[in-house]
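Q: Take this structure, written in structure tokens, and hold onto it; I'll ask about it next.
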Amino acid sequence: METIAMPAINFAAIMPETILSVIAMALLLINVFVPSEQKAYLGYLSLIGIVVTFFTVIGGWGTPQEGFNGSVMQDNFALFFKGIFLVSAALSILISDQYMKREECNHGELYPLILLATCGMMLMASGTDLMTIFLGLELLSVSLYVLAGFQRDSLKSNEAGLKYFLLGAFSTGFLLYGMALIYGATGTTRIAAIASYVAQNSLAGSNLMLLIGMVLMAVGFSFKIAAAPFHMWTPDVYEGAPTPMTAFMSVGPKAAGFAAFVRVFVIALPTLRADWADLLWVLAVLTMTVGNITALYQKNIKRMLAYSSIAHAGYVLVGFVAGNAVGTAGIMFYMLSYAFMNIGAFAIIVLVGKKGEPNNNVEDYAGFGFKHPLLAVCMSIFLFSLAGIPPAAGFIGKFYLFSGAIQAGYIWLAIIGVLNSAASVYYYLRVMVFMYMKDPVEEFDWLKVSPAIALCLIIAVAGVLIPGIVPGYLLELAQKAVLL
Amino acid sequence: MLGAYLPILLLVVISICFGLGALVLSSFVGPKKPSKVKLQPYECGCEPVGSARERFSIKFYLIAMLFILFDIEAVFLYPWSILFKKLGMFGLAEMGVFIAILLVGYIYIWKKGALEWE
């Protein structure tokens, strides 16, 4: 009797994913067996899990592992992004404990869902097969739909969850259809094999099926990274979702979308570069401009940050269009610093809100700077970094994205990017004007800062300032992770 | 190349013709004696009560969802059991992992009370 030959497995290639999913399942079980008052340590356990996973990610650095018959590839590119996902998951968990207790939706399922979403993001970053990437995307998306609607009593949160689910399912259809067409044109879902098939049969430019497949995949990924004109879901979902989950959603999944987007387009479709670079050029300009101009009009700070996150996706697309080592390293550096500055800003938003009164309007920040000088300084650092003012990390990231575009010859793209960045300063500084130059409308209560949020703020401030002042080490890491 | 699909096309055409033919033939040939009882919608032999367009309890959806989940588990078991000997120890271990993951979900929904009707 012959046995079926098993493909090369290599569990080392999915070590971080395995650890996280085992911990997520353990937490799910602990959650139902432990009485509901003692949920706090689920958060600590998940943080321990994330730290352990982070060490396996660091341990894997420099030794690429291929596994599962070439459908997973854990190289430096994947590892760098895994680091970003773990940082964003850890920071979001740190701010969610206080928020969820305050809003009385302290369900233990939160932590397993965050860990599973992180696991999906990791699969997206290291997937080298369209099917693996799709599976990762689904694991991520399904967890996020639930997290967006996590506040079951809140109408807005329910709306956010349902809207995200419907639009997300629709965009997944586009992505999957694109993948199917590419499979139809090339007969394989391995992204390296797609590239060699397209090159050997010189399909680039002549094969319509391949071209349509590429465009549909671009649509699907653009939805995930919230690029205009596929950004319509972002403000509503970001506003309605529980604030810590908004922080998580605006960073991790966006980075995961970029990781898969870059890997598929750079590795599988390099021969179609001329086509997709033009497409992404238009997307980048639209995304930056729509995001920034709409953000100027927002009164609600969560919506403002939602539009700003659209604009930031546009800046990152600039680095993607550039496609050279500087631009691609810029993408990774920028996503990491974006994780720190954006989640930091959301942590302050969590602190300013109260049960039943989210205090999300810019006016609610009037006089904040005098009552809580330390928190206001933190918020200013995050806003400066988002606006791209030195010495924050956001400046270095933008500098590399735009200089990558200039080196690749996209001068106009860089000019539009810089102009947009200048326009964005207005709405970030407006918050600071309210914090420092207006008298408070009503008296501030003394804010309670839990140790977890304090830790999150310290990490976020360090993560914004240290790479901003001495960017050398992180940039070197990002350059070693470039996929070229 | 398309010629290889000719038997499938024939099968599709014949099955459509057979289905339509049976319907058309019986509507011409069959006797029709409608009565009140015969025209009632069929409800498992019970007397029909009220309109069928009611709101269903969310519990039905929950049960249906859980059923699909664990039904798919069973569907995966069939091909595995056919190839059980060829897959060897590795196949057994992998199926063990698969079942263990589903078991975690099962224990979770059980303890959560999703399987209780009241």
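Q: Identify, by number, the condition in (1) over 19 Å from A:Ala284 (Cβ atoms); (2) assigned to a helix (DSSP H, G or I) that A:Thr188 doesn't meet.
A: Among (1) over 19 Å from A:Ala284 (Cβ atoms); (2) assigned to a helix (DSSP H, G or I), A:Thr188 violates only (2).
Q: Among the residues of the stretch A:447-484, write down those that are part of a helix (DSSP H, G or I) and β-branched (Val, Ile, Thr).
A: A:Ile453, A:Ile458, A:Ile459, A:Val461, A:Val464, A:Ile466, A:Ile469
Q: Do any helices (runs of 4 or more DSSP H) lying entirely in the stretch B:36-118 carry at least 1 residues that are within 24 Å of the chain's Cα centre (by Cα), farther than 21 Å from A:Met25 by Cβ and of a type in the set (Lys, Arg), and which ones are they?
A: B:58-82
Q: What are the residues in the stretch A:318-359 that are polar (S, T, N, Q) and either more than 27 Å from A:Leu272 (Cβ to Cβ) or free of Cβ contacts under 8 Å to residues at least 60 places away in the same chain (or both), if any?
A: Taking the stretch A:318-359 and keeping what is polar (S, T, N, Q), we get A:324, A:328, A:337, A:342, A:359.
Listed by number, the residues that qualify are A:Ser337, A:Asn342, A:Asn359.
Q: Within the stretch A:34-62, how many residues are within 13 Å of chain B (Cβ to nearest Cβ) and not β-branched (Val, Ile, Thr)?
A: Going through the stretch A:34-62 one residue at a time, the tally reaches 2.
Q: All but one of (1) under 13 Å from the mean Cα position of the chain (by Cα); (2) over 23 Å from A:Val264 (Cβ atoms) hold for A:Met121, so report the exception by its number.
A: Status for A:Met121: all satisfied but (2).
Q: From the list A:Tyr410, A:Tyr436, exactly one residue is out of contact with any Pro (no Cβ under 9 Å at 6 or more places or on another chain) and buried (at least 22 other Cβ atoms within 10 Å of the Cβ). Which is it?
A: None of the others qualify; the one that does is A:Tyr410.
Q: Can I ask one more? Answer yes if at least one residue in the stretch B:23-33 is among the aromatic types (Phe, Trp, Tyr), in a loop (DSSP other than H, G, I, E, B) and either surrounded by fewer than 10 Cβ atoms within 10 Å (Cβ to Cβ) or in contact (Cβ under 8 Å) with a residue 12 or more places away in the chain (or both), and no otherwise.
A: no
Q: Let me ask something else. Taking the stated definitions as given, is A:Leu115 within 14 Å of chain B (Cβ to nearest Cβ) and closer than 14 Å to A:Ala452 by Cβ?
A: The answer is no for A:Leu115.
Q: Go through (1) more than 26 Å from A:His107 (Cα to Cα); (2) surrounded by 21 or more Cβ atoms within 10 Å (Cβ to Cβ); (3) in contact (Cβ under 8 Å) with a residue 60 or more places away in the chain; (4) among the small types (Gly, Ala, Ser) one by one and return the number of the condition A:Ala192 breaks.
A: Among (1) more than 26 Å from A:His107 (Cα to Cα); (2) surrounded by 21 or more Cβ atoms within 10 Å (Cβ to Cβ); (3) in contact (Cβ under 8 Å) with a residue 60 or more places away in the chain; (4) among the small types (Gly, Ala, Ser), the lone unmet condition for A:Ala192 is (2).
Every residue, every condition in (1) more than 11 Å from chain A (Cβ to nearest Cβ); (2) farther than 30 Å from B:Ser57 by Cβ; (3) of a type outside the set (Val, Ile, Thr), yes or no:
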| site | (1), (2), (3) |
| --- | --- |
| B:Gly91 | no, yes, yes |
| B:Met95 | yes, yes, yes |
| B:Phe98 | yes, yes, yes |
| B:Ile107 | no, no, no |
| B:Trp110 | no, no, yes |
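Per-residue answers, yes or no, for (1) free of Cβ contacts under 8 Å to residues at least 40 places away in the same chain; (2) farther than 22 Å from A:Met121 by Cβ; (3) out of contact with any Leu (no Cβ under 9 Å at 6 or more places or on another chain):
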{"position": "A:Ala13", "(1), (2), (3)": "no, no, yes"}
{"position": "A:Ile23", "(1), (2), (3)": "no, no, no"}
{"position": "A:Gly43", "(1), (2), (3)": "no, no, no"}
{"position": "A:Ile58", "(1), (2), (3)": "yes, no, no"}
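Q: Of all the residues that make up the stretch A:10-41, how many are closer than 22 Å to A:Trp61 by Cβ and modelled with pLDDT under 90?
A: The number of residues fulfilling the criteria is 4.
Q: Say we look at the stretch A:359-407 and pick out the residues that are among the hydrophobic types (A, V, I, L, M, F, W, C) and not in a helix (DSSP H, G or I); which of these is surrounded by the most Cβ atoms within 10 Å (Cβ to Cβ)?
A: Among those residues, the one meeting the criterion is A:Ala392.
Q: For B:Leu62, only one of the following conditions fails: (1) at positive phi; (2) surrounded by 13 or more Cβ atoms within 10 Å (Cβ to Cβ); (3) more than 11 Å from chain A (Cβ to nearest Cβ). What is its number?
A: The one condition B:Leu62 does not meet is (1).
Q: A follow-up question, please. Would you point out the residue of the stretch A:2-33, among those that are surrounded by fewer than 13 Cβ atoms within 10 Å (Cβ to Cβ) and of a type in the set (Gly, Ala, Ser), that is farthest from the other protein chains (Cβ to nearest Cβ)?
A: Ranking the candidates gives A:Ala8 first.
The values are calculated or read from the model by the stated rules, or taken from the named source; none is laboratory data. Everything numeric here is computed off the predicted structure, so don't read it as measured data. Counting neighbours? That spans all protein chains shown, and the Cβs are built from the backbone with ideal geometry, glycine included.
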